[in-house]
Every structure is written in C-alpha cells, then in structure tokens.
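What follows draws every value from the coordinates through simple rules; no lab data is involved. What you are looking at is a predicted structure, and each value in this text was computed from that prediction instead of being measured. Cβ sites come from the backbone with ideal geometry, for glycine too, and all protein chains shown count toward neighbours.
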Amino acid sequence: MSEQNFIIIAEEVHKWYGKFHVLQGVSLTVNRGEVVVLMGPSGSGKSTFIRTFNALEEYQQGKIIIDGITLSHDLRNIETIRREVGMVFQQFNLFPHLTVQQNITLAPTWVRRWNKAKSEELAMQLLERVGILEQAQKYPGQLSGGQQQRVAIARALAMQPKIMLFDEPTSALDPEMVREVLDVMRNLASDGMTMVVVTHEVGFAREVADRVILMDSGSLVESATPDAFFTNPKEERTRKFLSQIL
Ligand code: ADP
Ligand code: MG
C-alpha cells in the first residue's frame, strides 16, 4: 500500500519530558476510515502519543505526517492540523459561560469565518446528530455528563475534521451515561470517520475497532484485530494487561 493511503503516519516518534523518555520510538500508520483503539496501563504514554497528532504535544525525534502534512513547528501547519484533527477529552472542557449552541458555533465562526446563521445551522445539525437538539440553549452546567460529552463531540465535529481523537471519552462518566456516548462514537465510525480512541471499553473495541493496540512504557507492544487481541494475544504484556481489565 502506498503512503498516500495512510491518513496518519507516525514514524519512530520519540519524546522526552525532561529526562523522562515518554515516547520511545513509536510507529503507527492509520488508514482512512480506520478505527484504532489504543489501550494500556495508566502512564504508558497513550495521551501523550495521540496529542502529538494534533500538535498539542511536541516531539523531539521521528516524523508525523497527517493527511500528507508533515507536522513541524510552522504555525500555519499547526492551524491546518488542528482543523483536520478533532479531539475529545475525558474532561469535556466545554466553555461554561456559553450555551451549548455557542460552544459549537465558536470554532466555525472564528476559524472558518462562517456567518452566524450558517454556523448556527451547522450547530443544530450536529446536535441532532448527537441526539441532543433540545439542549441547544442550555448551559453545560445544566446538562448531564453524557450530554456534555456529546456536546464536546459535536463541537469537535463543527470543524469538519478528517480525523477524530478520543482520549478516554467515557472515563469521567457515570456508568449509565457511557452507552449514549459510545453510541455516538459508533455512529461516527460507521459514517466512515477515521478515529483513534484511547479507551478501556472492551465492548466498544470489539465491536467498532478495526485494530486494537497495546501501549506500555512508551512503546507499542501489540497490534491486532479485536478478536485476536482479546482472545489470542501474542504478547505476555498484553495477556497481563487484559487479565487486569477483563
Ligand atoms: P497515559 O495517557 O497512558 O496514562 P500519559 O501520556 O498521560 O499516559 O503520561 C505518560 C507519562 O508521562 C506519565 O508518567 C506522566 O506522568 C508523564 N507526563 C505526562 N505529561 C507530563 C508533563 N507535562 N510533564 C512531565 N511528565 C508528564
Ligand atoms: Mg491518558
């Protein structure tokens, strides 16, 4: 397969926090429309790694190419990348003083310079897509955690990204709200979105992921189809990790 088919290429990525070698030569390629689930113990570098894809984290060695654009320190580059790569965090990070609709129109208005009507129309479409159209005029504090996370997903989608990164999107939610967020993500995947998802939701990974990867101590340990990963892992570290979460 030629390089052009990969929307994400990470080659031997190294990063240090001071003396701490957090990413120890991590390589990953992701196809368009692929859903990759990244698992691994806390502190293994999962967040740091996916945050390099939208330039939220710098790296010191290696190469990252997103949709043909090599990530560099060039600011114009970073703006383009942030537009192409949406991100959803564990903590929803909504603006508390803005309504749901305003949270979503912010980016299209300021970054894409769309007018108010066009941005608002997009916001309503996205709220419908994540199933909370009726919450548009509320403030984040008036919503449940699951609803807030769905707003956060809609807000990321408002940039019309080509890639969506999710960093433990359901970890801060009460158990009864996990499903509604995973359902939105499942729909996004079946619409063809390229997704890299850090999650320990095994059901989601089994059903939605094309590939599941174990990260440990700054390296990728094993990469397999969900079935192979969960039922017949090759690496001892994967078996040990699975015995802790299953
Ligand atoms: P994970 O998401 O797998 O839990 P992280 O990428 O958040 O792991 O963190 C990997 C390691 O890097 C952890 O040991 C963490 O303490 C450390 N780390 C994360 N962010 C920073 C930072 N800004 N400065 C120094 N160390 C950090
Ligand atoms: Mg993390």
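With angles folded into 0 to 90 degrees, how steeply does helix 236-245 sit against the dominant principal axis of the chain? Use alpha carbons for both and round to 10.
Tilt of helix 236-245: around 40 degrees.
Whose amide H sits under 5 Å from the amide H of V35, counting only residues 5 or more places off or on another chain, with H placed in the peptide plane?
Amide H to amide H, under 5 Å and 5 or more residues apart or across chains, V35 pairs with M195, D210, R211.
Using only Cα atoms, tell me the angle between helix 100-110 and the longest principal axis of the chain; keep it within 0 to 90° and round to the nearest 10.
80
Mind jotting down the distance between the C-alpha centroids of segment 57-81 and segment 88-107, whole Å?
For segment 88-107 versus segment 57-81, the Cα centre distance is 25 Å.
Suppose R0 equals 41 Å. What FRET efficiency, 1/(1 + (r/R0)^6) with r the Cβ-Cβ distance, do K19 and Y139 give to the nearest 0.05?
Numbers: r = 43 Å, r/R0 = 1.06.
Using R0 = 41 Å, I get an efficiency of 0.40.
Let a ≥ b ≥ c be the square roots of the eigenvalues of the Cα gyration tensor of segment 122-189; is it rounded (a/c under 1.5), or, if not, prolate (a/b larger than b/c) or oblate? List each step's numbers first, then the result.
Values: a/c = 1.66, a/b = 1.04, b/c = 1.60.
It comes out oblate by the Cα gyration axes.
Tell me, what ³J(HN,Hα) does each residue in segment 144-153 have, in order and in whole Hz, if you take phi through Karplus 6.51 cos²θ - 1.76 cosθ + 1.60 with θ = phi - 60° and put x for Gly and Pro?
With the stated coefficients, segment 144-153 comes to 6, x, x, 5, 4, 5, 5, 5, 4, 5 Hz.
Quick one: putting +1 on the C-beta of Lys and Arg, -1 on the C-beta of Asp and Glu, what dipole do you get for the chain around its Cα centre, in Debye to the nearest 20?
480
Quote the FRET efficiency, to the nearest 0.05, computed for Q160 versus S217 with a Förster distance R0 of 30 Å and r equal to the Cβ-Cβ distance.
Working: r = 36 Å, r/R0 = 1.20.
Here the calculated transfer efficiency is 0.25.
How large is ³J(HN,Hα) for each residue in segment 183-190, as worked out from phi by the Karplus curve 6.51 cos²θ - 1.76 cosθ + 1.60 (θ = phi - 60°), to whole Hz, x for Gly and Pro?
So the Karplus estimates, Gly and Pro as x, are 4, 4, 5, 4, 5, 4, 5, 6 Hz.
For R83 paired with A117, estimate the spin-label separation in nm (one decimal), with each label point 7 Å from Cα along the Cα-to-Cβ line.
Spacing of the two 7 Å Cα→Cβ label points: 2.3 nm.
Hey, which lysines would be in cross-link range of K15, C-alpha to C-alpha under 23 Å, not counting anything within fewer than 8 residues on its own chain?
K46, K63
Would any residue of segment 181-222 have its amide N under 17 Å from a label point 7 Å out along Cα→Cβ of L246? List them or say none.
Under cut-off, by backbone N: 200-209, 211-215, 222.
Which of these, L75, L126, L23, has the largest mean-square fluctuation under a Gaussian network model of the chain (Cα springs below 10 Å)?
Among L75, L126, L23, the largest GNM mean-square fluctuation belongs to L75.
May I ask for the angle, rounded to the nearest 10°, between helix 75-84 and the longest principal axis of the chain, with both axes built from Cα atoms and the value confined to 0 to 90°?
80
List every residue whose amide H lies under 5 Å from the amide H of H21, counting only residues 5 or more places away in sequence or on a different chain, with H placed 1.01 Å from N in the peptide plane.
Residues meeting the criterion, in which the H sits 1.01 Å from N, do not exist here.
Each residue of segment 27-35 in order: what ³J(HN,Hα) in whole Hz does its phi give by Karplus 6.51 cos²θ - 1.76 cosθ + 1.60, θ = phi - 60°, with x for Gly and Pro?
Calculated HN-Hα couplings, in order: 10, 7, 10, 10, 7, 4, x, 7, 10 Hz.
Name the residues whose placed amide hydrogens come within less than 5 Å of the amide hydrogen of F6, ignoring near sequence neighbours (fewer than 5 apart) on the same chain.
Amide H to amide H, under 5 Å and 5 or more residues apart or across chains, F6 pairs with nothing.
Testing the spin-label approximation: label points 7 Å from Cα along Cα→Cβ at T29 and N5. State their distance in nm.
0.8
Set Lys and Arg Cβ to +1 and Asp and Glu Cβ to -1, take the dipole of the chain about its Cα centre, and tell me which of Q160, N77, F6 lies farthest positive.
Of the options given, the answer is N77.
With the Cα gyration tensor of segment 1-92 giving a ≥ b ≥ c as the square roots of its eigenvalues, does the rule (a/c under 1.5 for rounded; else a/b larger than b/c for prolate; else oblate) give rounded, prolate or oblate? Write out the running numbers ahead of the final one.
Working: a/c = 1.31, a/b = 1.24, b/c = 1.05.
In terms of gyration-tensor shape, rounded.
Given a Förster radius of 30 Å and the C-beta distance between T225 and Q90 as r, what FRET efficiency does 1/(1 + (r/R0)^6) yield to the nearest 0.05?
On the way: r = 26 Å, r/R0 = 0.88.
Given R0 = 30 Å and the Cβ-Cβ separation, E is 0.70.
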